[in-house]
Structures are given as C-alpha cells and as structure tokens.
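Structure, as structure tokens:
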Amino acid sequence: MKNKCDVLVAGGGIAGSLVSYLLASKGFDVITVEQKHKDDTMKVCGDAIGKHHFYRIGIPHPSGKELVGVFKGVKVVAPNEKDEIIVGGEGYALNRPIFVKRLQKMAMDAGANLLDRHAVLRPITDGTWLKGLQIVDLRTKERKEIEATVTIDATGVSAAVRNKLPVEWFVSEKVPPEDYDVCYREIIETDREIEVGYAVIYLSTIIAPGGYWWWFPKNESVANVGLGVKGGEKSPNPKRNYDKYLRPRIGGVQRVIHAGGGICPTRRTISCMVWNGFVAIGDAACTSNPIHGGGMGPAMLSAKAAAQAIEEALSQDNPSIEGLWSYHNEYMELYGAKQAGLDVLRMYLQLMSDEELNFVFEKRVITSSDVGEIGYKGNVDSALVSKVSSAIRLLSRPSLLARLKKVKDYMDKARELYYSYPKSPSDFRIWKAQVDSLFKEYRAWLLGS
C-alpha cells in the first residue's frame, strides 16, 4: 500500500467519492479511506434530491436501479393536516446505496484508490500544517500512516478529522447540539397502494418538535418515512416519537426494508472550511439545508467547489490556507450564503407554535411560489413582505407581521455577510466577529419576542 499521495480523502460517501472522482480525473494521486466495507453504502437519509443539483454538478442524472422514483414537487402539510402548500420542482427518489456505489466506481475508474474497512485514528500535524492521517485497518488492526499534500474530511457529521485538529485552528469550530436534527426513519413496504408524485413534509411540534416528519414514496408499495427533531438536552427520542405517533397510523406494513437513526446538521456552514493542507466538505462542514435537512445536493456542491480550489492550489504548489481559501468564496456563491439566510429562518420556525403555523396555512398568508422562492434563494423578498403585510393586517395579527419583517431583516444581513466572505484569511477574524455578533443579537431578539 502506498503511504504518500497528493490528496487523501477521509470518507467514501457521496461527498468523498465525488471529490475523489473530480480530482483523480484531473490526474492527481488520490487515496480514499472508508470505514465501512465498500459494499456497505447504506446511510439513514430521506433519499430525496432535487434534479437541479445534477445540472449544477455536471454528472449523469440517476437512472436504472439507482433511480426508484421521480417527484413533481413537495407537499408541505400544516399541523392540522388539512391545509397544505405544494411546491413545484422535480426531484429524484434514490436507491442511495447504489448511487454511492456509482460514485465510488467513477472515482476508482478515474484512478483513485479506495481503502475500505479503514478508520481514521488521528491527524498527522507538523506545526500549523496537516500532513496526513494515521489510520487503522479494521480487518487486521494494523496501523498505518499516509502522508498527503491535501487531506479532505468527508466523514460526515462525525467530522472525524476536523474534530481532532488543534483547537486554535479556525476549522476546529464546535457545533452546538441544538444545531443538529436527530432523526429516525424506516424504509417500508406496504400492502396498500401508495400515492406517488410528491415528497410530503408534515409540520407538527408534537410529533417532531423543532423539525418535521416525512413521507417520501419510492414507488407504489415502498416509502421512506421518518422524523427529525431539534437536538439538545431536551430533545425527545425520535424513535419513541416514531413508535408513538407514526407507526400506528401507517398500517399495512408487510416488511421493514431498513430502519435506523442518524444526526443531521441543520444550520449555516462552519465559519472556516480550510487550513494548511486541509479541507472539510459535506456534513463535516455542515453543508445540509437548514430548513429541510437535505444534504446530498449541498454535499456534492461542496465537493465540486473544493475540487476546484484544490486543483488550483496543487497546480500552483500552494496547498496552504491562502492557496485553498477560494473554496469558501465559490461555495458561498453556490449555496453557503443561501444557507446562512435559511439558518435565520430555521431558528424562527423552530419557535413557532402549531397554532401559528396553522394560521399561516389556513389563511394562505404565503403561497407555493413564495415557499419555492424562499427555499431556492434563501431570502424573503420585499414584495412578499408587502403582500403578507396586507394579509396579516386584514387578519389582525400585527405581532406576527412585526416578527416576519424582523426575520427578513436578519435573513438579509446573514446572507449578505456570507456573500461578502473574506477573500483571504487575514480578514477572517473580523468577518467572524461580525457573524457572531449578528447571530447573538438575533438569538436575543428571538428569546425576547
């Protein structure tokens, strides 16, 4: 086994396999380390992804066995389960394990070396540089060291490399528990015919406090159903809520194809994603959508942006924090600034009561096109605020109107801060202080409103 490479990727999931493919196809020597067996590509996930992501990434759309369904859009259902908003936009229901295997094969065909059943033990550092990883072969228990010019953390929510780096490095940001959703889901086969065509999201502070529960049909007899709740000390056990609220209402289940729990970051990205010889992508950098937790599309976008920055840095023989810094600016344009705006909205929505949510749905305060605009761009535009203002005044809800305007202001500020991400690490501390101040102020307002 080689003990030296251009790029060492920790994690062989969607983000890790894609970045391995992109860099290996450019001629770089890539080694991918994956803890699980190469044939074990299952992960607890909603298995749904927007079609537009494949156009932006530039890889073939899913087909054959990896594509199990096509969505026309998403239905968002109020807590009363009578009112709903349908948001258009085609998406795919994936057989995720087969999709990941396709990405792994693309990477290996391009020349990447996959070391499955190997786990990260510790980073190898030299002063302020990451020089590679110490790993262990889980089959033989043999420990090995691999030196790399650039090491990528694509290990998902565990951030198995990033969380072991020196605390004084910018990338060592600790994510609070309340910025995660804790999930439980089952893929079920039922003897009842399932209506296909839409992914369905149900809002309920009783069933899924701080999150939502979902029903994503894969075909006429199979569905992915689960729930996610806001993390933290007071977070309910999602499986208990599933057993209490969802299992009795599903009915007709012939078999459970797969079941399991997981954790998903639902926040803005970590403030800094690179260091000397190091890059974080996917859930290791908190790239999932803060509102619905969708992570596959943003993970691929982060892999694309990271691959571009790494290619440029290696071609200039400059894998330093300065040489890799452009990854931030590219990702903020692709998705990160939108994430920041949606994180503001997420924090507000998690405090709304079922009664307030029902009011918004029942009175058609916002429409499907409004929701689609917010979800796609991550902002609430002035025209929407004006329209909603008129509706709320007529319905005598001035406090809701005032809060909505305030949330819009904070969303705008957060999004603009991330669009204005510093062009070099020398300005990072100033920018980070502005972000921290904004979100501290916003949290204080939320608690006081």
In the stretch 82-93, how many are touching a residue at least 60 places away in the same chain (Cβ under 8 Å) and either of a type in the set (Val, Ile, Thr) or buried (at least 20 other Cβ atoms within 10 Å of the Cβ) (or both)? 5
Tell me whether the stretch 286-296 contains one or more residues that are in a helix (DSSP H, G or I) and either at pLDDT 95 or above or outside the structural domain of residue 439 (by TED's automatic domain parsing) (or both). yes
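Is it true that residue 256 is touching a Ser or Thr at 6+ places or on another chain (Cβ under 6 Å) and more than 30 Å from residue 133 (Cβ to Cβ)? Working first, answer last.
Working: touching a Ser or Thr at 6+ places or on another chain (Cβ under 6 Å): no; more than 30 Å from residue 133 (Cβ to Cβ): yes.
So residue 256 fails the test.
Can we say residue 101 is more than 30 Å from residue 355 (Cβ to Cβ), free of Cβ contacts under 8 Å to residues at least 24 places away in the same chain, among the charged types (D, E, K, R) and not in a loop (DSSP other than H, G, I, E, B)? Talk me through it step by step, then tell me what you get.
Numbers: more than 30 Å from residue 355 (Cβ to Cβ): yes; free of Cβ contacts under 8 Å to residues at least 24 places away in the same chain: no; among the charged types (D, E, K, R): yes; not in a loop (DSSP other than H, G, I, E, B): yes.
In short, no.
Taking the condition modelled with pLDDT of 95 or more, among the aromatic types (Phe, Trp, Tyr) and either surrounded by fewer than 24 Cβ atoms within 10 Å (Cβ to Cβ) or within 17 Å of residue 180 (Cα to Cα) (or both), does residue 242 pass?
Yes; evaluated as a whole, the condition is true for this residue.
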Strands (runs of 3 or more DSSP E) (entirely within the stretch 21-92) containing at least 2 residues that are outside the structural domain of residue 304 (by TED's automatic domain parsing), out of contact with any His (no Cβ under 7 Å at 6 or more places or on another chain) and within 28 Å of residue 359 (Cα to Cα): 67-77
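So which residues in the stretch 327-359 are in contact with a strand residue (DSSP E or B) (Cβ under 9 Å, 6 or more places away or on another chain) and either among the aliphatic types (A, V, I, L, M) or closer than 30 Å to residue 5 by Cα (or both)?
Scanning the stretch 327-359 gives 327, 328.
One line per residue, one yes/no per condition, for (1) under 20 Å from the mean Cα position of the chain (by Cα); (2) under 14 Å from residue 14 (Cα atoms):
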position: 280; (1), (2): yes, yes
position: 296; (1), (2): yes, yes
position: 309; (1), (2): no, no
position: 315; (1), (2): no, no
position: 333; (1), (2): yes, no
Restricting attention to the stretch 162-218, and to residues there that are touching a residue at least 60 places away in the same chain (Cβ under 8 Å) and hydroxyl-bearing (Ser, Thr, Tyr), which single residue is farthest from residue 294 (Cα to Cα)? 190
Exactly one of these conditions fails for residue 140: (1) surrounded by fewer than 17 Cβ atoms within 10 Å (Cβ to Cβ); (2) farther than 25 Å from residue 18 by Cβ; (3) of a type outside the set (Asp, Glu); (4) touching a residue at least 12 places away in the same chain (Cβ under 8 Å). Give me its number. (4)
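The values are calculated or read from the model by the stated rules, or taken from the named source; none is laboratory data. Not measured: the values here are computed from a predicted model. Glycine gets a Cβ as well: all are built from the backbone with ideal geometry, and neighbour counts include every protein chain shown.
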